[in-house]
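Take a look at the structure set out below.
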Amino acid sequence: IDDLHIDARRTEKARSAARHLIGSLAPSDLLFVGLTSSSTISTAGFVRDRRRALEIVESFGGLRLPDPTLEMRQTPQTFSNPLLQGMRTPGLAASEQQRGMRLEDAYEAIARIANAVREVGGRRKSLVFLTEGSSVGGSITSSASLSGDTTGAMLDALAAASVADLAIYPMNPAGLDLPTDRLIEGFTRQVDTASEGNTRGFGGREVAHEDLSNVITQFLQAKNQLRDLAALTGGVS
């Protein structure tokens, strides 16, 4: 369960999906349920006992940060700094750093799972990865936007999955969502707070075409990340 990349508002949907998956397993299937926010994983963690797995499912909560553009749109405070080329949102740089670190943690969790099952033979090994994906990239096609550490963690995870013959099946608790959902979420709140006579801006901030484009780009980056994880390991997104 990639709790680092699941929106808190979709926690219960993710729990429901996890419960359904656990309930559909055969009695002989070995199971491990973990969180990307936790570093605990070993071969001994794969058991037939479903009770502990369900306890973890019921106890987790989504920790996903807003996508960068939505965070900027929903934060009313800005400051002007010519060195930073215009208006900036306080705290946004720290959030961007956290997004990179969280994505790195998610890939490292995949690598740990792959390494744990590498020596297991005679079984089909599958990782159902419950996640909404990362808006900062993380796919093979967008790896240029990532830091060296994050790109390295991504490649290490894919290599470990290949060696372990581990197929990854990303499952998005948001369902078949569209970028228009993010646009509505990110911009209608600003409409409600628009000052009278301010026809170009919403809540004092102009809606730029770049904002709309960035929301769609970040949405697609998360989708591409999950599709790459599946396609490059033999799974299905």
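Summary table below
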item	result
Residue within region 1-10 that is at pLDDT 95 or above, open to solvent by 60 Å² or more (accessible area, probe 1.4 Å), of a type outside the set (D, E, K, R) and under 13 Å from the mean Cα position of the chain (by Cα) present	yes
Selection from region 146-168 of residues that are under 18 Å from L4 (Cβ atoms) and touching a residue at least 12 places away in the same chain (Cβ under 8 Å)	L146, S147, D149, T150, A153, M154, D156, A157, I168
One residue from I22, I41 being at pLDDT 95 or above and open to solvent by less than 50 Å² (accessible area, probe 1.4 Å)	I22
Some residue of region 45-54 being open to solvent by 50 Å² or more (accessible area, probe 1.4 Å), touching a residue at least 40 places away in the same chain (Cβ under 8 Å) and in a helix (DSSP H, G or I)	no
Residue within region 65-80 that is assigned to a loop (DSSP other than H, G, I, E, B), modelled with pLDDT of 95 or more and open to solvent by 70 Å² or more (accessible area, probe 1.4 Å) present	no
Cβ-Cβ under 8 Å pairs, at least 6 apart or on other chains, region 219-237 side in a loop (DSSP other than H, G, I, E, B) and open to solvent by less than 40 Å² (accessible area, probe 1.4 Å), far side at pLDDT 95 or above and polar (S, T, N, Q)	T233/S162; G235/S126
Every residue from region 152-204 that is closer than 19 Å to T217 by Cβ and either modelled with pLDDT of 90 or more or among the charged types (D, E, K, R) (or both)	M154, N172, A174, D177, D181, R182, E185
Looking only at region 1-54, and only at residues there that are touching a helix residue (DSSP H, G or I) at 6+ places or on another chain (Cβ under 7 Å) and of a type in the set (S, T, Y), the one that is farthest from D105 (Cα to Cα)	T43
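The values are calculated or read from the model by the stated rules, or taken from the named source; none is laboratory data. This structure is a prediction, so every number in the text was calculated from the model and none was measured. Note that each Cβ is placed from the backbone with ideal geometry, even for glycine, and that neighbours are counted across all protein chains shown. SASA here: full protein model, heavy atoms, side chains in, ligands and nucleic acids out. Shrake-Rupley method; radii C 1.70, N 1.55, O 1.52, S 1.80 Å.
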